[in-house]
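Participant: Take this structure, written in structure tokens, and hold onto it; I'll ask about it next.
The values are calculated or read from the model by the stated rules, or taken from the named source; none is laboratory data. Everything quoted here is computed from the prediction, not taken from an experiment. As a convention, Cβ positions derive from the backbone with ideal geometry for all residues, glycine included, and neighbour counts pool all protein chains shown.
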Amino acid sequence: MNDFSEIENELRKLRPAQPSPILFERIEEAMMNCREGAWSATQSRKPSPYNWLSLGFGLAAAAALVLFAAISMEHQHDGGKEIAQISRESETAPLRSSAKESTSSDKFLPAGATRLVYNTRNEGLQFARGSGQPLRRLRYQTRETWQWRNPTTGASLRVSYPSEEVVLIPVSGQ
Amino acid sequence: MQNLASHEDWKSCFSEVAPGLLLFARQWVQSAADAEDIVQEAFVKFWRRNHKIENRALLYTAVRSIALDFIRRDSRRARREASAISETDEFIEPQFEFEDDTQRALAEAIDVLPCEQREVVVMKIWNELTFAEIAGVLGVSQNTAASRYRYALAALRNTLQPR
């Protein structure tokens, strides 16, 4: 390597061009943006206290479970009634009617359904494949609530969940 | 151990490495402004990832990778510019600050070195990287990096020898 010491010294005397002063300002600005970006990223990474979609799925699953339990209980009652009928054929009518009443007391009847549209967004026009007619795309964000009621006991069951619907409305030219 | 992320005075770190980094970036782009864009992106990326300044080889790797991406991205623009340059006599900012004609001749000799030799010389002379670091940046063995350096110096010496 000693053979090259002279040329190395000559090369070291050559000074590279200096960066423009604006470069420092630009880097400073970029670093500030990074800091702000990193801060906002950590903020946005915090879990939202209201995750409506998960809540909706959870409620829907809970409702399905309750309904399934109610139906299976009803089946069990029906089975019990049949056994009772077979074994007690000579039972009197009032007893049978009381058994029927006890079965009907477990029934939940639909009592109401509401659909509250809390946001509508116009997503503009689009063209369906193969169609020349434009369609306006509307997105509805809604909250649907279903209610069941037991007329005998007065107990009620209510399930509410968020939903989203996209509607395409044909736009006619005038 | 200095950490750029926690080191408030990043400017002093940058002012030390900036001229060498810019020269390194200029191996791939002709314009000084493009080289500054590349260096800015690499330095900010390096800083964001909390790398220590001792791992500066990573900074050169970033500059190299961004410069190559830049070339790929702007290949169409580069072709247009190349044709424009061939038609007009466009001014290209010099990579060095010359003091005399010998230095100018040396700079011109560096400019015509094969790219793979030139980048080793730039990293070794003006950025003071070790052969191990250079090998890491280029993804070659230390021996390869050292032999490219020797070939480059031999070529430069031959060019500058009085005839």
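Participant: Being facing another protein chain (nearest Cβ under 7 Å) and touching a residue at least 12 places away in the same chain (Cβ under 8 Å) is the filter here, so list the residues in region B:145-160 that pass it.
Facilitator: Within region B:145-160, B:LEU153, B:LEU156 qualify.
Participant: Hey, any hits in region B:45-57 for a residue that's within 14 Å of B:GLU119 (Cα to Cα), part of a helix (DSSP H, G or I) and not basic (Lys, Arg)? Walk me through how you get there before you give the answer.
Facilitator: Of the residues in region B:45-57, the ones within 14 Å of B:GLU119 (Cα to Cα) are B:57.
With part of a helix (DSSP H, G or I) added as a condition, the list becomes B:57.
In the following step, the residues that additionally are not basic (Lys, Arg) were identified as B:57.
Taking every residue of region B:45-57 in turn, at least one turns out to be within 14 Å of B:GLU119 (Cα to Cα), part of a helix (DSSP H, G or I) and not basic (Lys, Arg).
Participant: Please count how many residues of region A:118-153 are of a type outside the set (S, T, N, Q) and farther than 17 Å from A:VAL166 by Cβ. So that I can check it myself, show each step before the final result.
Facilitator: First pass over region A:118-153, keeping only residues of a type outside the set (S, T, N, Q): A:118, A:121, A:123-125, A:127-130, A:132, A:134-140, A:143-144, A:146, A:148-149, A:151.
Pick out the ones that are also farther than 17 Å from A:VAL166 by Cβ and you get A:130, A:132, A:146, A:148-149, A:151.
Residues in region A:118-153 being of a type outside the set (S, T, N, Q) and farther than 17 Å from A:VAL166 by Cβ: 6 in total.
Participant: Tally time: how many residues in region B:20-37 are away from chain A (no Cβ under 11 Å) and assigned to a helix (DSSP H, G or I)? Before the answer, list the steps.
Facilitator: Taking region B:20-37 and keeping what is away from chain A (no Cβ under 11 Å), we get B:27-31, B:34.
This time we only want the ones that are assigned to a helix (DSSP H, G or I), so: B:34.
Residues that pass the stated criteria total 1.
Participant: Of the conditions (1) farther than 21 Å from A:GLU28 by Cβ; (2) of a type in the set (Lys, Arg); (3) within 14 Å of chain A (Cβ to nearest Cβ), B:ARG73 clears all except one; give me its number.
Facilitator: The one condition B:ARG73 does not meet is (3).
Participant: Out of all the residues in region B:97-122, which are of a type in the set (Phe, Trp, Tyr) and in contact (Cβ under 8 Å) with a residue 12 or more places away in the chain?
Facilitator: None - no residue of region B:97-122 is of a type in the set (Phe, Trp, Tyr) and in contact (Cβ under 8 Å) with a residue 12 or more places away in the chain, so the list stays empty.
Participant: Condition first: surrounded by fewer than 14 Cβ atoms within 10 Å (Cβ to Cβ) and in a loop (DSSP other than H, G, I, E, B). Now tell me which residues in region B:95-113 satisfy that.
Facilitator: Result: B:GLU99, B:ASP100, B:VAL112.
Participant: If you don't mind, there's one more thing I want to ask. Name the residue, out of B:VAL122, B:VAL137, that is of a type outside the set (D, E, K, R) and either more than 10 Å from chain A (Cβ to nearest Cβ) or at positive phi (or both). Steps first, answer last, please.
Facilitator: Values: B:VAL122 fails: either more than 10 Å from chain A (Cβ to nearest Cβ) or at positive phi (or both).
Going through B:VAL122, B:VAL137 in turn, the sole match is B:VAL137.
Participant: Sticking with this structure for a sec: Regarding region A:144-163, can at least one residue be identified that is in a strand (DSSP E or B), farther than 30 Å from A:PHE68 by Cα, of a type in the set (D, E, K, R) and under 20 Å from the mean Cα position of the chain (by Cα)?
Facilitator: No, that holds for no residue.
Participant: Right, something else. Which condition number does B:ARG72 fail, the rest of (1) among the charged types (D, E, K, R); (2) exposed (fewer than 14 other Cβ atoms within 10 Å of the Cβ); (3) at pLDDT below 80 being met?
Facilitator: (3)
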